[in-house]
Amino acid sequence: MPTERKDLSTHNLQSTRPEYADEYTFAHGRPQMPKDLPPLGVEEWKRTVPKLCKRKQLTKADATCLEVHCRVYARWRKVEAMAAENPLSETSWIDSKGVEHVKVEESPASKIASRLESQLRAFLIQMSCTPASRKLTKPDLKTKPDLTAAEKAMLSRDSTQPTKPEEEEDPLAEALAAMEKSDKEQP
């Protein structure tokens with residue numbers, strides 16, 4: 001059974017902080033797109049920002065993070081195209097005996113693309129754009145739906161017995177009742 005919450009005056013006396021205190025939240029907003037983004041970056045900005053704004057997870061302070069993400073995305077697309085054309089490179093050399101050796105290895109473009117993919121993945125996780133990171137994102141407390149009295153009582157720590165839920169009006173049931181009533185009134 002959980003312990004009871006201390007009131008704020010008790011916390012002040014004991015020099016502790018309540019764990020249930022709300023964190024400071026920034027107001028959501030749409031950051032302004034930088035004018036010098038490359039075309040692929042603009043495309044990524046226009047693809048990502050509306051979705052994040054719809055979820056109310058962006059603030060105007062996130063513009064720099066989004067800009068870096070879009071620039072990395074544009075760079076990755078260019079390097080990925082180069083890596084797709086030549087995924088392997090050959091290095092040859094002649095040793096001291098005059099024998100030529102050839103070594104096939106991953107191309108530098110492929111290595112760069114791999115590094116940029118890691119950076120993109122990190123940005124996507126930071127912005128809650130992956131399924132796993134979305135589960136960890138806290139919802140905006142200002143936009144949560146209003147709870148009914150029964151739901152508030154059920155969620156409060158003071159509640160000992162659940163109360164009956166409030167009866168909601170069912171328009172279909174009301175329409176059926178009105179039809180039955182009119183059928184009984186007709187001769």
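Odds and ends about this structure:
- Criterion: modelled with pLDDT of 65 or more, over 28 Å from the mean Cα position of the chain (by Cα) and surrounded by 10 or more Cβ atoms within 10 Å (Cβ to Cβ) - qualifying residue of Ala122, Ala113, Ala109, Ala173: Ala109
- Taken over region 46-92, the residue count meeting the criterion of being surrounded by 11 or more Cβ atoms within 10 Å (Cβ to Cβ) and acidic (Asp, Glu) is 3.
- As a summary of the residue check, Ala27 satisfies the conditions (1) within 29 Å of Pro131 (Cβ to Cβ); (2) hydrophobic (A, V, I, L, M, F, W, C); (3) in contact with a Ser or Thr (Cβ under 9 Å, 6 or more places away or on another chain); (4) assigned to a helix (DSSP H, G or I) except for the one numbered (4).
- Options Val72, Val104; residue that is modelled with pLDDT of 90 or more, among the hydrophobic types (A, V, I, L, M, F, W, C) and within 19 Å of Ser133 (Cβ to Cβ): Val72
- Scan of region 78-121 for residues that are over 30 Å from Val68 (Cα atoms) and of a type in the set (Lys, Arg), ordered by number: Lys97, Lys103
- Cβ-Cβ under 9 Å pairs, at least 6 apart or on other chains, region 52-68 side in the same structural domain as Cys129 (by TED's automatic domain parsing), far side surrounded by fewer than 14 Cβ atoms within 10 Å (Cβ to Cβ) and at pLDDT 85 or above: Lys60/Gln32; Ala63/Gln32; Cys65/Gln126
- Residue pairs meeting the criteria (Cβ under 9 Å; at least 6 apart or on separate chains; first touching a residue at least 12 places away in the same chain (Cβ under 8 Å), in region 80-95; second in a strand (DSSP E or B) and surrounded by 11 or more Cβ atoms within 10 Å (Cβ to Cβ)): Ala83/Glu106; Pro87/Glu106; Leu88/Glu105; Leu88/Glu106; Ser89/Glu105; Ser89/Glu106; Glu90/Glu105; Thr91/Glu105
- Any chance Lys56 is outside any helix (DSSP H, G or I) and under 26 Å from Leu136 (Cβ atoms): yes
- Any hit, region 37-57, residues being closer than 20 Å to Thr130 by Cβ, of a type outside the set (Lys, Arg) and modelled with pLDDT under 85: yes
- For region 65-105, the set of residues classified as part of a strand (DSSP E or B) and hydroxyl-bearing (Ser, Thr, Tyr) consists of Ser89, Thr91, Ser92, listed by residue number.
The values are calculated or read from the model by the stated rules, or taken from the named source; none is laboratory data. Because the structure is predicted, anything quoted here is derived from the model rather than measured. Neighbour counts are summed over all protein chains in view; Cβ atoms, including those assigned to glycine, are modelled from backbone coordinates with ideal geometry.
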